[in-house]
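Student: Can you read through this structure? Questions will come right after.
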Amino acid sequence: MNVAAPSVRLDLRAGEAEIELVVGGYAFAYASALVLGGRLGDLFGHRRLFTTGMVAFAITSALCGVAQTPEELIAARLLQGLSAALMLPQVLAVISAESEGSGRARAMAWYGVAAGAGSIAGQVFGGLLVTADVAGLGWRLIFLINLPIGAVGAVAALRVLPARPSARTTANARLDPLGALGLAVGVALLLVPLTVGRSSGWPLWTWISLLAAVPVLALTIRWQRVLQTGGGQPLLELSLLRARSFRTGLVANFAFMLFFGSYMFTLALLLQTGLGLDAFRAGLAFAPAGVTFSASALLAPRLVARHGAGVLVGGSLLTAAGLVILAAVAGHGSSIAAIVTISALISLGNGLVLPSLVGAALLDVPAAHVGAAAGALTTTQQFASAAGVAVIGTLYFEAAGTDAGTGMAWSASVDAGLVLAVAAAVVYGAIIRRAPPEIRTAGLPTAR
């Protein structure tokens, strides 16, 4: 979607805010329903929820592919995000239930590698599909291709995934619809005005919405405490915040995904609107970054097991250095080769951080609550990704004007500060010490 954004904007005559909602709305819907999707898997079976989510994802992708207006595409993307929230949590649940010890460590490490590399590979294949313009479909093909993929995925899941209930499922699992609604409404009240506020001139309703988010989220948290005190099963397990590694890990994950979501979005815009690349060449420009990410991500688990938090700090500093260089050269008519080289350097650092960052935050979490903690962290990641597109994307458009390089310079500078915050959180929390390998190498999905 990132590399297709300029084509969508031209074809549907969409504005800046609408394009940001097309990209960020998916992550918002995904984040809002992710924990609920995990609970549904506990109640009704992980294979059933995975296949249901996969089929729903294919159907909603088709709705995206036939959208005729920006509003229709935004609505379809929201539904697509909800479908993903049914599907993705079941993957980690099955890994946790069907493996243990070193086997789980390897599975989690590969999962982190696949998720991060996939988010970059999507840029390459997305650009290829848009440029191929098969049957005149253009950008619509990036969604319609999910129909055969969804069919194959659903059939494979029925054949491969275990039919019996997961070991993670408990007999007293409960849903918390009020908590899920409160979380979704609170997130919407924050993200919508942040996304469309600048382009619409910050009308009164945007400020009212931002203010209203505070009591809505406060009441949601209060309800979670009431449930927990009464012996219920809240959507958000607030007692997890007592674990220091989880608190600092939450901050580190939020800062990293705030950077990552906005970086992928603004870099795709720079390559096309600033450097004049078509969708395929812009996507292909991400290929070296995919190679460096995969290489460092595969090495990261062993390095972390040997050197601990220093690997995450070093990777963060490497990413921050790349972003500082990008900010310095982007506003001065830099070449495509320079941008591609710098993005590969940034991804080299990202690969050292991303596969282990989430698992590190689970270090001090009691075993009985690891599933809830993983769900909360994934929700935080996806909300941060959407917020990054909305907030830093707005900064990019504001600073860019007629010069995309200037916009990239400003957004990359902010991103560098966020990555330095990740390093600071890791150092402060010492969130990787001597820990079981399945905790050290755990990774969670970030792809959009």
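The values are calculated or read from the model by the stated rules, or taken from the named source; none is laboratory data. Predicted, not measured: the structure shown is a model, and the values here were computed from it. Positions of Cβ are backbone-derived with ideal geometry, glycine not excepted, and every protein chain shown enters the neighbour counts.
Student: For the range 187-223, which residues satisfy the criterion of being basic (K, R) and either modelled with pLDDT of 80 or more or surrounded by fewer than 17 Cβ atoms within 10 Å (Cβ to Cβ) (or both)?
Tutor: Result: R222, single match.
Student: In the range 78-99, how many residues are in contact with a Leu (Cβ under 8 Å, 6 or more places away or on another chain) and of a type outside the set (S, T, N, Q)?
Tutor: The total comes to 8.
Student: Check whether at least one residue in the range 235-243 is part of a helix (DSSP H, G or I), touching an Asp or Glu at 6+ places or on another chain (Cβ under 7 Å) and assigned by TED's automatic domain parsing to the domain that holds A115, and report yes or no.
Tutor: no
Condition check ((1) at pLDDT below 90; (2) farther than 18 Å from L269 by Cα) across all residues:
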| position | (1), (2) |
| --- | --- |
| A309 | yes, yes |
| T319 | no, yes |
| V324 | no, yes |
| H332 | yes, no |
| I342 | no, no |
| L345 | no, yes |
| L348 | no, yes |
| G351 | yes, yes |
| L354 | yes, yes |
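Student: Within the range 299-351, count every residue that is small (G, A, S), in contact (Cβ under 8 Å) with a residue 12 or more places away in the chain and in a helix (DSSP H, G or I).
Tutor: The total comes to 17.
Rundown of residues vs (1) buried (at least 18 other Cβ atoms within 10 Å of the Cβ); (2) among the aliphatic types (A, V, I, L, M), yes/no style:
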| residue | (1), (2) |
| --- | --- |
| F293 | yes, no |
| V313 | yes, yes |
| S316 | yes, no |
| A337 | no, yes |
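Student: Limited to the range 23-76, what total is found for residues that are at pLDDT 80 or above, among the hydroxyl-bearing types (S, T, Y) and either under 22 Å from L235 (Cβ atoms) or more than 22 Å from the chain's Cα centre (by Cα) (or both)?
Tutor: Looking only at that region, the number is 4.
Student: If you go through the range 1-34, how many residues are in contact with a Pro (Cβ under 8 Å, 6 or more places away or on another chain) and more than 21 Å from S200 (Cα to Cα)?
Tutor: Adding up the residues that qualify gives 1.
Student: Within the group A435, A404, which residue is hydrophobic (A, V, I, L, M, F, W, C) and either modelled with pLDDT of 85 or more or surrounded by 23 or more Cβ atoms within 10 Å (Cβ to Cβ) (or both)?
Tutor: Just one listed residue meets the conditions, A404.
Student: Still on this structure, please answer the following. Do we find a residue being under 23 Å from A390 (Cβ atoms), in contact (Cβ under 8 Å) with a residue 12 or more places away in the chain and either outside the structural domain of T402 (by TED's automatic domain parsing) or surrounded by fewer than 24 Cβ atoms within 10 Å (Cβ to Cβ) (or both) anywhere in the range 276-289?
Tutor: No: zero hits.
Student: Within the range 266-275, is there a residue that is within 17 Å of G349 (Cβ to Cβ), assigned by TED's automatic domain parsing to the domain that holds A344 and part of a helix (DSSP H, G or I)?
Tutor: In the first step, residues of the range 266-275 are kept if they are within 17 Å of G349 (Cβ to Cβ); the result is 267.
Now drop any that are not assigned by TED's automatic domain parsing to the domain that holds A344, which leaves 267.
Retained after the next criterion (residues that are part of a helix (DSSP H, G or I)): 267.
The answer is yes; a qualifying residue exists.
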